[in-house]
1. Of the residues in the stretch 17-35, how many are under 15 Å from L88 (Cα atoms), open to solvent by 30 Å² or more (accessible area, probe 1.4 Å) and in contact (Cβ under 8 Å) with a residue 40 or more places away in the chain?
2. Kindly list the number of the only condition in (1) within 12 Å of the chain's Cα centre (by Cα); (2) crowded, with 18+ Cβ neighbours inside 10 Å; (3) of a type outside the set (K, R); (4) outside the structural domain of F47 (by the TED database) that fails for I133.
3. Somewhere in the stretch 145-153, is a residue assigned to a helix (DSSP H, G or I), assigned by the TED database to the domain that holds S28 and either surrounded by 15 or more Cβ atoms within 10 Å (Cβ to Cβ) or among the small types (G, A, S) (or both)?
4. State the number of residues belonging to the stretch 118-127 that are open to solvent by less than 80 Å² (accessible area, probe 1.4 Å) and without any contact (Cβ under 8 Å) to a residue 12 or more places away in the chain.
5. Checking R34 against (1) under 16 Å from L82 (Cβ atoms); (2) under 12 Å from the mean Cα position of the chain (by Cα): exactly one of these is not met. Which one?
6. Go through the stretch 48-60 and report how many residues are closer than 12 Å to A78 by Cα and loosely packed, with under 14 Cβ neighbours inside 10 Å.
7. Pairs under 6 Å by beta carbon, first residue within 9 Å of C122 (Cβ to Cβ) in the stretch 132-150, partner surrounded by fewer than 17 Cβ atoms within 10 Å (Cβ to Cβ), six or more apart or different chains?
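The values are calculated or read from the model by the stated rules, or taken from the named source; none is laboratory data. Please read these numbers as outputs of a predicted model, since none were measured by experiment. Positions of Cβ are generated from backbone atoms using ideal geometry, with glycine treated the same way; all protein chains shown enter the neighbour counts. Heavy atoms of the whole protein, side chains included, go into the accessibility calculation; ligands, DNA and RNA do not. Shrake-Rupley method; radii C 1.70, N 1.55, O 1.52, S 1.80 Å.
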Amino acid sequence: MEAGGFLDSLIYGACVVFTLGMFSAGLSDLRHMRMTRSVDNVQFLPFLTTEVNNLGWLSYGALKGDRILIVVNTVGAALQTLYILAYLHYCPRKAKVIQTKSTQCLSYPLTIATVLTSASWCLYGFRLRDPYIMVSNFPGIVTSFIRFWLFWKYPQEQDRNYWFLQT
């Protein structure tokens, strides 16, 4: 296998693994909502934006005939729909990070998964010389870094999982 073919396969694999990992990160939120019968510490916006993103990419994949885009985004759209329905079922109100000065409702694993997924898809788009893939995934990188900044600015005192951001 030539070097470019190996690199392409590696990037392709990273896109699939990181994307499915990001989509499944919501399973812990789903479990939390079902166990507590509430949406405490769960934020709605990531589910909604990922759903819209999945539907857009599913359409693009269908137009382009790209099986990887079709399969990955079909799985993503199904999971995001499940998360949204569960959230709406258990949601009496919404919490805001800036107003409460708390990142309790943000998912750190989802933030990591989003930055890895968006970066790998940008790289995939770069390798294909497809600006639509590159440009549309760049906001995921930017919003992830905004969330990393929020974790740094409003550290969670009782949770030691984020100690390296609390310098």
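1. Count: 1.
2. All conditions pass for I133, except number (1).
3. Among the residues of the stretch 145-153, not one is assigned to a helix (DSSP H, G or I), assigned by the TED database to the domain that holds S28 and either surrounded by 15 or more Cβ atoms within 10 Å (Cβ to Cβ) or among the small types (G, A, S) (or both), which makes the answer no.
4. Pass one, the stretch 118-127, residues open to solvent by less than 80 Å² (accessible area, probe 1.4 Å): 118-122, 124-125.
Applying the additional criterion that residues be without any contact (Cβ under 8 Å) to a residue 12 or more places away in the chain yields none.
Number of matching residues: 0.
5. Result: R34 passes all but (2).
6. 1
7. Partner pairs satisfying both residue conditions: M134/F126.
This table checks each residue for (1) open to solvent by 20 Å² or more (accessible area, probe 1.4 Å); (2) of a type in the set (A, V, I, L, M); (3) touching a Lys or Arg at 6+ places or on another chain (Cβ under 6 Å).
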{"residue": "D40", "(1), (2), (3)": "yes, no, no"}
{"residue": "P46", "(1), (2), (3)": "yes, no, no"}
{"residue": "A62", "(1), (2), (3)": "yes, yes, no"}
{"residue": "G65", "(1), (2), (3)": "yes, no, no"}
{"residue": "I68", "(1), (2), (3)": "no, yes, no"}
{"residue": "T74", "(1), (2), (3)": "yes, no, no"}
{"residue": "T81", "(1), (2), (3)": "yes, no, no"}
{"residue": "L110", "(1), (2), (3)": "yes, yes, no"}
